[in-house]
Amino acid sequence: MDYKKYIADRIEIDGVSADEIYSSLAFPPNTETGDYALPCFKFAKALRKSPVMIAQELKDRYKTDGVISEVSAVNGYLNFKVNKTALAAEVLGAVLSSGERYGASDAGNGKTVCIDYSSVNIAKPFHIGHLSTTVLGSALYKLFKYLGYNVVGINHLGDYGTQFGKLICAYKHWGDRQEVEKGGIHAINDLYVRFNNEADEAMESEAREYFRLIESGDKEANEIFEWFKKLTLDYVRGIYDKLGVNFDSYAGERFYSDKMQPVIDELRDKNLLKESEGAQIVDLEEYGMPPCLILRSDGATLYATRDLAAAYYRKKTYDFHKCLYVVAYQQNLHFRQIFKVLELMGNEWAKDLVHVSYGMVSLEDGAMSTRKGKVVWLEDVINKCIEKAHCIIEEKNPQLENKKEIAEKVGVGAVIFGALYNNKIKDIVFSYDKVLSFEGETSVYVQYTCARANSVLSKSGEFSGVPEGYSPNPQEFEVIKQLAAFPETLAESADKYEPSYIARYAVDLAQKFNKFYIDCKILTAEGDAKAFRLNLTKATLLTLKNALSLLGIGVPEKM
Ligand code: ARG
């Protein structure tokens, strides 16, 4: 049962929706006063009454029962105490009976969510800047699936543009088939960098010709291009495998080559296209934005043109309920523009397009960036984290079996969690020491808590079910309440496109469990207390694992 909902359903405030009451219910900082609290300050304006009065009146009207045993009004807060015995039995029952599916729902049944994420650029480095889009998108993918949605993960490849002409030109001049085959994306990138440093006007013009050849379907140019694409994808797939990331479609920009013309025609038919200095644009001045460029003066299409075509294609193909674009905030304007253009074209579904914008990641340890030029390759960051995890394990627990496997889970988890822990819009400075700390707000801490729970359970042997009528002590009850909050955390996380809520939830639960673990004996407790605590430990372990797995992080048995 959702206790917040139970309470919210029993409160009526004029002009305030049940949803708002629901989302306003919080855990009070001081558990003496109550288990849930409704701050009444924000209703004061609408009701033209003081928060103190509102809380008092709501209290007088609220009828307590077997679920909510006590209600009080204190300083503008309406506080609720729940029947702890009933809540504990119910929550543990719910977690243990749903196991790996606790918190899953069918809320999304019949609805499709498209998620455009990671969207790598062919032949360009897959660098630290791609970390957030990849892990955010992947977490949202897993989360929406868990909530019953049909999800389509789309890697909108950057595989279109004049740079491919340059690349082929560079390859023709300086490249060697075997070397490129061996060096893969790094070799291709080197060619590209060299072109940009050394190409003269003759080569530039050759490059334009190669681009034209790709476009016109020339066999050789396309073969080289497809080969570069394959090398890039083979490479990034290796990283996706490590991070547990999946896609259903790799339809990139080039896929829309033949799908742009109908959109351009429609823009023209709807009188939205305007000529400006030879180019074709959609004027957005009225909406406070610069024009959206559709065709360059030489007739070439743009990034935006392909995104318009892609939106149409996705709507037609998937009939999405929402289409998310997990792309850094540098592209805020781009998405505002294309969403606006689609709206002006009369598509009511334009409102279902969402730019899930996020901040930048930089490295605290700048040392790495010099090794391979300016770019910090994501692969190097992941490998370094795994290596460091290995050293830490070697130091802390050298007897451990499968150290390599564990280091991989810990290292990869730290990279993902490091990128997801903060509110997504914040810029983050990635620090190896921070993300790998056993004590901080880290995946390592959560994984370690799981190992601790696992160890308790492996020592306990068989144990009986949740004892009836058991009244939990405060430490136990804190864990119970946190467990109860998992389903609503998932719903809020999906609603706000914020996997960080799940990451924070996991740390909170781990902290509460550890407090319980330190304060209360488990294996040496007796009777009902022992049975209850073992069940609580099991439920916590399940929920922590679920939370981490939604973020793409595995949990080692031992650490
Ligand atoms: N490849 C682009 C970049 O690296 C991101 C593409 C995002 N998706 C989109 N539909 N525009 O900037």
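Being farther than 25 Å from Arg212 by Cβ and open to solvent by 50 Å² or more (accessible area, probe 1.4 Å) is the requirement here; does Leu324 meet it?
no
Could you check, for region 191-198, whether at least one of its residues is open to solvent by less than 20 Å² (accessible area, probe 1.4 Å), within 28 Å of Thr133 (Cβ to Cβ) and at pLDDT 95 or above?
Quick first cut of region 191-198, residues open to solvent by less than 20 Å² (accessible area, probe 1.4 Å) only: 191, 195.
Going one step further and asking which of them are within 28 Å of Thr133 (Cβ to Cβ), we end up with 191, 195.
Those left that are additionally at pLDDT 95 or above: none.
No, that holds for no residue.
Give the number of residues within region 7-22 that are over 13 Å from Lys81 (Cβ atoms), in contact (Cβ under 8 Å) with a residue 24 or more places away in the chain and either of a type in the set (Gly, Ala, Ser) or surrounded by 15 or more Cβ atoms within 10 Å (Cβ to Cβ) (or both).
Total satisfying the criteria: 5.
Confirm whether Asn121 is open to solvent by 50 Å² or more (accessible area, probe 1.4 Å), within 16 Å of the ligand (Cβ to nearest atom), at pLDDT below 95 and of a type outside the set (D, E, K, R).
yes
Can you spot a residue in region 50-73 that is within 28 Å of Leu483 (Cβ to Cβ), open to solvent by 80 Å² or more (accessible area, probe 1.4 Å) and part of a strand (DSSP E or B)?
yes
I need every pair where a residue in region 309-328 that is closer than 17 Å to Ile264 by Cα and part of a helix (DSSP H, G or I) has its Cβ under 7 Å from the Cβ of a residue that is at pLDDT below 95 and within 11 Å of the ligand (Cβ to nearest atom), sequence separation at least 6 or different chains.
Within 7 Å, no pair qualifies.
Pairs, please: C-beta under 9 Å, at least 6 apart or cross-chain, first residue surrounded by 22 or more Cβ atoms within 10 Å (Cβ to Cβ) and in region 536-559, second among the polar types (S, T, N, Q) and not in a helix (DSSP H, G or I)?
Met559/Asn397
Keeping to region 417-441, report how many residues are open to solvent by less than 40 Å² (accessible area, probe 1.4 Å), touching a Ser or Thr at 6+ places or on another chain (Cβ under 7 Å) and within 17 Å of Ser357 (Cα to Cα).
Number of matching residues: 4.
For Gly411, which of the numbered conditions (1) under 20 Å from Leu136 (Cβ atoms); (2) within 16 Å of the ligand (Cβ to nearest atom); (3) among the small types (Gly, Ala, Ser) fails to hold?
Answer for Gly411: the failing condition is (2).
Which one is farthest from the ligand (Cβ to nearest atom), of the residues in region 137-158 that are open to solvent by less than 10 Å² (accessible area, probe 1.4 Å) and within 19 Å of Gly413 (Cα to Cα)?
So, considering only residues that are open to solvent by less than 10 Å² (accessible area, probe 1.4 Å) and within 19 Å of Gly413 (Cα to Cα), the one farthest from the ligand (Cβ to nearest atom) is Leu143.
Looking at this structure, is Ser98 polar (S, T, N, Q) and within 16 Å of the ligand (Cβ to nearest atom)?
On the way: polar (S, T, N, Q): yes; within 16 Å of the ligand (Cβ to nearest atom): no.
No; evaluated as a whole, the condition is false for this residue.
Sort out which residues of region 86-102 are open to solvent by less than 10 Å² (accessible area, probe 1.4 Å) and either of a type in the set (Asp, Glu) or touching an Asp or Glu at 6+ places or on another chain (Cβ under 9 Å) (or both), and write them in order of number.
Answer for region 86-102, where residues must be open to solvent by less than 10 Å² (accessible area, probe 1.4 Å) and either of a type in the set (Asp, Glu) or touching an Asp or Glu at 6+ places or on another chain (Cβ under 9 Å) (or both): Leu87, Ala88.
For region 106-115, indicate whether the set of residues that are touching a Lys or Arg at 6+ places or on another chain (Cβ under 7 Å), within 11 Å of the ligand (Cβ to nearest atom) and in a loop (DSSP other than H, G, I, E, B) is non-empty.
Taking every residue of region 106-115 in turn, none turns out to be touching a Lys or Arg at 6+ places or on another chain (Cβ under 7 Å), within 11 Å of the ligand (Cβ to nearest atom) and in a loop (DSSP other than H, G, I, E, B).
Which ones in region 329-355 are buried (at least 16 other Cβ atoms within 10 Å of the Cβ), within 15 Å of the ligand (Cβ to nearest atom) and of a type in the set (A, V, I, L, M, F, W, C)?
Phe335, Ile338, Phe339, Val341, Leu342, Ala350, Leu353, Val354 - these are the residues of region 329-355 that are buried (at least 16 other Cβ atoms within 10 Å of the Cβ), within 15 Å of the ligand (Cβ to nearest atom) and of a type in the set (A, V, I, L, M, F, W, C).
As an exercise: evaluate Asn79 against (1) within 30 Å of Ala529 (Cα to Cα); (2) surrounded by 20 or more Cβ atoms within 10 Å (Cβ to Cβ); (3) within 33 Å of the chain's Cα centre (by Cα) and give the number of the one condition it does not meet.
Answer for Asn79: the failing condition is (3).
Can you find even one residue in region 44-58 that is more than 16 Å from the ligand (Cβ to nearest atom), within 30 Å of Pro467 (Cα to Cα) and not hydroxyl-bearing (Ser, Thr, Tyr)?
no
Within region 275-306, can you find the residues that are without any contact (Cβ under 8 Å) to a residue 60 or more places away in the chain, in a helix (DSSP H, G or I) and of a type in the set (D, E, K, R)?
Glu285, Glu286
The values are calculated or read from the model by the stated rules, or taken from the named source; none is laboratory data. Note that the structure is predicted; figures quoted are calculated from it, not measured. Every residue, glycine among them, receives a Cβ derived from its backbone with ideal geometry; neighbour counts consider all protein chains shown. We work out accessible area using only protein heavy atoms, side chains counted, and drop any ligands, DNA or RNA first. Shrake-Rupley method; radii C 1.70, N 1.55, O 1.52, S 1.80 Å.
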